[in-house]
1. Can you tell me which residue within segment 230-244, out of those that are surrounded by fewer than 18 Cβ atoms within 10 Å (Cβ to Cβ) and in contact with a helix residue (DSSP H, G or I) (Cβ under 7 Å, 6 or more places away or on another chain), is nearest to residue 311 (Cα to Cα)?
2. Could you list all residues from segment 62-84 that are under 13 Å from residue 16 (Cβ atoms) and either at pLDDT below 85 or part of a strand (DSSP E or B) (or both)?
3. Go through (1) among the polar types (S, T, N, Q); (2) under 30 Å from residue 336 (Cα atoms); (3) surrounded by 13 or more Cβ atoms within 10 Å (Cβ to Cβ) one by one and return the number of the condition residue 64 breaks.
4. Please verify whether residue 54 is of a type in the set (Lys, Arg), on the phi < 0 side of the Ramachandran plot, out of contact with any strand residue (DSSP E or B) (no Cβ under 7 Å at 6 or more places or on another chain) and part of a loop (DSSP other than H, G, I, E, B), treating the condition exactly as stated.
5. Just one of 23, 44, 3, 48 is in contact (Cβ under 8 Å) with a residue 24 or more places away in the chain, surrounded by fewer than 19 Cβ atoms within 10 Å (Cβ to Cβ), aliphatic (A, V, I, L, M) and assigned to a strand (DSSP E or B); which is it?
6. If you check residue 115 against the conditions, is it under 20 Å from residue 335 (Cα atoms) and either free of Cβ contacts under 8 Å to residues at least 40 places away in the same chain or not in a helix (DSSP H, G or I) (or both)?
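The values are calculated or read from the model by the stated rules, or taken from the named source; none is laboratory data. Please read all numbers here as calculations on a predicted model, not as lab measurements. Positions of Cβ are backbone-derived with ideal geometry, glycine not excepted, and every protein chain shown enters the neighbour counts.
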Amino acid sequence: MDVSLEKAGHIIVYKIVEHYGEVKRDEIIKLAKTIYLELLNIEVSEDVIVNWIREITCSTDKRSKYGVIYPRAKGFYKVKEGIRVIPENKNIWDKVDIYLKTNVILDIPYERRVEHTKRIKQEVLEPWIKLLKPLYFYTPMGILRVEERESEFDPINNANRYYGEKFSFEDHVLFEDLKNHIPMNLENPVELYKDFKYACLEFWDTFEETKGKFKKTIQEIINEFPEDIKQGFSIDELTELLWLWYLPKYLDRVKVKIDTSKVGGYTVVTFAEFTIFTGKLPNENVEVLLQWLERIKQDRRFIEFKNTKFEALETKVEELEEMRKNILKILEKMSSYEVLPGKCEYLTTEGIGGSYDSI
């Protein structure tokens, strides 16, 4: 006899009973609730699940429609023999199969799994989130890390560069264990994080290469300036200044910080944090120097660099930001679980495995 099951809830309940051969009603309800949330991202009440059980149970109850499982003594259920169940939703059928084979351990008390999940959150998820949240991506500055992400952030003075270096939570045994507890509807954050860190290293390689080419471009332009102006410019300091010129609102912030001083008969001009000029200026007029700076910015080579090389770097920055957001979203979703799915060497019927307790 063939029976078709269409509803996802009916399929989930049936597959649970089929998988375990004989299983208690309370465990069916608990597991069906978890699987439905995992696969469909919808939370259902126990009453709804109880109704699913009734609808596929062989009984005289008028709510019984399919009769593919039957009740046993002490609240256990078994699959009814002689019936071939045909799923109308093969996708859900297969996903439940995979889930049950890889994620569920009914002999582990619920409290044990709650405790293990709590340890994963404390030792791995929380410090990981704390690292990723305050990462900033500024094309002229690269990848920066502060203690806390702030709305008012000074990327020049209040941050450290981030190169994808290892942090302490990555050495914890539960970081490696995390792969055993990833919900089916989420990507593996550990693998995504590996890709992210590699992309960070690649970014810095591109960053330094691009900045070197930028310096050469600036040098080519000022080589065409009058000798006294050309000789007065510090190419290294000038490169740093013009590189940061693209930082949002940077120019507005530093306009008022132009200082001049006389050293050995030469005019020294400090623009923001950079001593960009030490030489002779006509009438010591800083406005003349600003005009030469403007000529650099208006030069076709400078503009072409901005529109190609610099924008290519900006694209990489945007990609890194998307990777960060995606990993962070997954970690925050996992943190919302009271019990993460899966089984591992640290979960036993006696309690939480002790091999990581001393770490």
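1. Restricting attention to segment 230-244, the residues satisfying the condition of being surrounded by fewer than 18 Cβ atoms within 10 Å (Cβ to Cβ) are 230-231, 234-236.
Then drop every residue that is not in contact with a helix residue (DSSP H, G or I) (Cβ under 7 Å, 6 or more places away or on another chain), which leaves 230, 235.
Values: 230: 28, 235: 22 Å.
Ranking the candidates gives 235 first.
2. Of segment 62-84, the ones under 13 Å from residue 16 (Cβ atoms) are 68-69, 76-79.
Selection gives 69, 76, 77, 78, 79.
3. Residue 64 satisfies all of (1) among the polar types (S, T, N, Q); (2) under 30 Å from residue 336 (Cα atoms); (3) surrounded by 13 or more Cβ atoms within 10 Å (Cβ to Cβ) except (2).
4. On the way: of a type in the set (Lys, Arg): yes; on the phi < 0 side of the Ramachandran plot: yes; out of contact with any strand residue (DSSP E or B) (no Cβ under 7 Å at 6 or more places or on another chain): yes; part of a loop (DSSP other than H, G, I, E, B): no.
The answer is no for residue 54.
5. Only one candidate qualifies: 3.
6. Numbers: under 20 Å from residue 335 (Cα atoms): yes; either free of Cβ contacts under 8 Å to residues at least 40 places away in the same chain or not in a helix (DSSP H, G or I) (or both): no.
When the stated conditions are applied, residue 115 does not pass them.
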